[in-house]
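A quick write-up on the structure given underneath.
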Amino acid sequence: MSQTLFERIVAREIPATIVFEDDRIVAFRDINPKAPTHVLIVPRKPIPRLADAQPQDHAMLGHLLLKAAEIARQLGLDATGYRLVINNGPDAGESVPHLHCHLLGGRPMAWPPG
Ligand code: 5GP
């Protein structure tokens with residue numbers, strides 16, 4: 001199986017601005033930001049998308065969300081707020097088949113999303 005784009009970023013084969021990492025997740029700046037702050041938080045484990053997550057991924061997914069809040073705090077988004085997005089499948093616009101959570105902030109956002 002070939003590596004996903006995000007596995008190659010995690011392995012430092014493709015450069016990215018990493019803002020946080022630990023043994024389970026890596027967070028780096030999106031190459032094409034949709035907001036002043038746009039970070040992608042990815043599990044080291046290459047789960048293609050949320051729909052493919054398994055019961056054994058429970059702890060990692062909880063960890064990812066808690067770290068998303070911590071990263072948002074560290075990036076100064078606490079007071080103004082931020083949005084977390086997980087695109088799952090074609091209708092959602094998923095383009096990289098490696099589960100990732102978008103952390104977006106630094107501007108007001110519309111609802112519902114387009
Ligand atoms: P998706 O559309 O799958 O939810 O999100 C994929 C995200 O990955 C997009 O926001 C896109 O800009 C970002 N992306 C694609 N290629 C690269 C890359 O090589 N480096 C980084 N840092 N982000 C990327």
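The values are calculated or read from the model by the stated rules, or taken from the named source; none is laboratory data. No experiment lies behind these values; they were computed from the predicted model shown. Here the Cβ is made from the backbone with ideal geometry for all residues, glycine too, and neighbour counts use every protein chain on show. Quick note on the areas: whole protein, heavy atoms, side chains included, nothing else; ligands and nucleic acids left out. Shrake-Rupley method; radii C 1.70, N 1.55, O 1.52, S 1.80 Å.
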### Message
Can you compute the FRET efficiency between ASN32 and ALA110 using 1/(1 + (r/R0)^6), with r the Cβ-Cβ distance and R0 = 22 Å? Round to the nearest 0.05.
### Response
0.70
#### Entry: Note, ³J(HN,Hα) from phi for region 68-78, Karplus 6.51, -1.76, 1.60, rounded to Hz, x at Gly and Pro
4, 5, 5, 5, 4, 4, 5, 8, x, 9, 4
### Message
Given the -39500 (n - 2.57) contribution per DSSP H run of 4+ residues, what per-residue ellipticity at 222 nm results for the chain, rounded to the nearest 500 deg cm²/dmol?
### Response
-6000 deg cm²/dmol
## Note on the structure
The set of residues whose placed amide H lies less than 5 Å from the amide H of ILE47, leaving out same-chain residues fewer than 5 positions away, is LEU99
#### Entry: Percentage relative contact order, the chain, counting C-alpha pairs under 8 Å, at least six apart
31 percent
#### Entry: Heavy-atom surface of region 1-110, accessible at 1.4 Å and reported per residue (Å²)
58 Å²
### Query
Among ARG44, ARG73, ARG29, which one shows the biggest mean-square fluctuation in a GNM of the chain, springs joining Cα atoms closer than 10 Å?
ARG73
#### Entry: For region 5-105, convex hull volume per residue from C-alpha positions, Å³
96 Å³
